[in-house]
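This report refers to the structure that appears directly beneath it.
The values are calculated or read from the model by the stated rules, or taken from the named source; none is laboratory data. Just so you know, these numbers come straight off a predicted model, no measurement behind them. Glycine also receives a Cβ, built like all others from the backbone with ideal geometry; neighbour counts cover every protein chain displayed. SASA here: full protein model, heavy atoms, side chains in, ligands and nucleic acids out. Shrake-Rupley method; radii C 1.70, N 1.55, O 1.52, S 1.80 Å.
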Amino acid sequence: LHCACRTDRFLMNNLDYRLLNEFQRDLPLCAAPYEKIGRTLGIDEAGVFAALNRLRQDGKVSRVGAVFRPNSVSASTLVAMLVPDRRLSEVAALVSSYPSVSHNYSRNYRWNLWFVAAARDDKALARLLDGIEARSDCPMLRLPLVESYHIDLGFDLGTDPLQHAVTRRVAAVRRKTSALALTDTEAALAAQLATGLALVPRPFAELAARAGTSERAAIDTIARWVKDGVITRFGVIVRHHELGFTSNAMVAFDIPDGQATEVGLRVAAFPEVTLCAQRARCLPAWPYNVYCMIHGRDEQRVRAQIDALRERGGLLHRPFAVLFSRQRFKQQAARLTNEIAYG
């Protein structure tokens, strides 16, 4: 288990590689999941804890837990802001200071600060964004999700280390945005999943105690959410930059509304696409409505993947914008007042 594997520009021992590559989804839904992982890897439970703690300290692992489908247990939206360059660090720090803001990046575009925000419901989300806009004194585009086609962001470390990131493919699925009617117990359980599972022998029992339910009920509820697509991935949540996928581009297309679903499903099926969704336009400033994300080892190769995607996807004549991330200010699960996380 301690031979060296080169999955990126760093050397990684085989144990770390297998933990990161094999358990980004389908975490065992049983009373002692880490013990079961250890049996698969040929080590004891203490060895699993030690490896995961080390990977968290190295920044390669964010948490062990759930990625919720957007707008299932909270209201959320993508936001773009137009920030003067001299104020970018200041405004980014302000935005990142909100617990309910998850991903916050600067991108190489006129609208240069992009983040995702969440709240308990649409009214609370509007109040949150109104407050950020007023405090920052910067114009804002609000780009709510219309449909999702592929939202996963799990990375296959077995791909060619010189190429793009590849998600373990699941079928592209058209999902309308819809909020769940959660019971109080389910809402508490979803809230506690924000911080992820504890690295303890019986993590679901510990989670259930915090949520005021039983271990069996917690496991059964999470299993149902996974089956129904409310949780899009349950496992080790990695940080792509620390794994060597240091370049990422958001590509936004202007697609006729009647063709957006067809195009979104087609784009989502390409292996280099790590996320694909349709969002509302914000005219006249922002005409684009179908988005995808591509992560890779460097910008040149990501640009080549974008060119190939446009050609293979029949999109050469559609208006589009490519926005590379330039600085990561925040990347973690959003925490609301009741600490629900979805990403």
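A few notes on this one:
- The residue among L78, L19, A118 whose Cα reaches farthest toward the positive pole of the charge dipole of the chain, with charges on the beta-carbon of Lys, Arg, Asp and Glu, is L78.
- Packing here is the average count of other Cβ atoms within 10 Å per residue, and on that basis the peptides 117-129, 67-79, 234-246, highest first, run 67-79, 234-246, 117-129.
- Angle between the chain longest axis and helix 45-57 axis [Cα atoms, degrees, rounded to 10]: 30 degrees
- Summing Cβ point charges (Lys, Arg +1; Asp, Glu -1) relative to the Cα centre of the chain gives a dipole of roughly 340 debye.
- Positive end of the dipole of the chain (Cβ unit charges, origin at the Cα centre): among Q327, V236, G42, the Cα lying farthest that way belongs to Q327.
- The chain: relative contact order in percent, alpha carbon pairs under 8 Å with at least 6 residues between: 27 percent
- Taking every DSSP helix (H) stretch of at least 4 residues in the chain, weighting each as -39,500 (n - 2.57) and dividing the sum by the residue count yields a mean residue ellipticity at 222 nm of -9500 deg cm²/dmol.
- Other residues with beta-carbon under 10 Å from the beta-carbon of F320 carry, at +1 per Lys or Arg and -1 per Asp or Glu, a net charge of +1.
- Dipole axis of the chain (+1 Lys, Arg; -1 Asp, Glu on Cβ), positive-most option in V273, G196, N289: N289
- Normalised per residue, the accessible area of the chain is 41 Å², obtained with a 1.4 Å probe and no contribution from ligands, DNA or RNA.
- Share of carbon and sulfur in the accessible heavy-atom surface of region 11-94 [1.4 Å probe, %]: 47 percent
- For I255, neighbours were defined as the other residues whose beta-carbon sits under 13 Å from its Cβ, and their charges (Lys and Arg +1, Asp and Glu -1) total +1.
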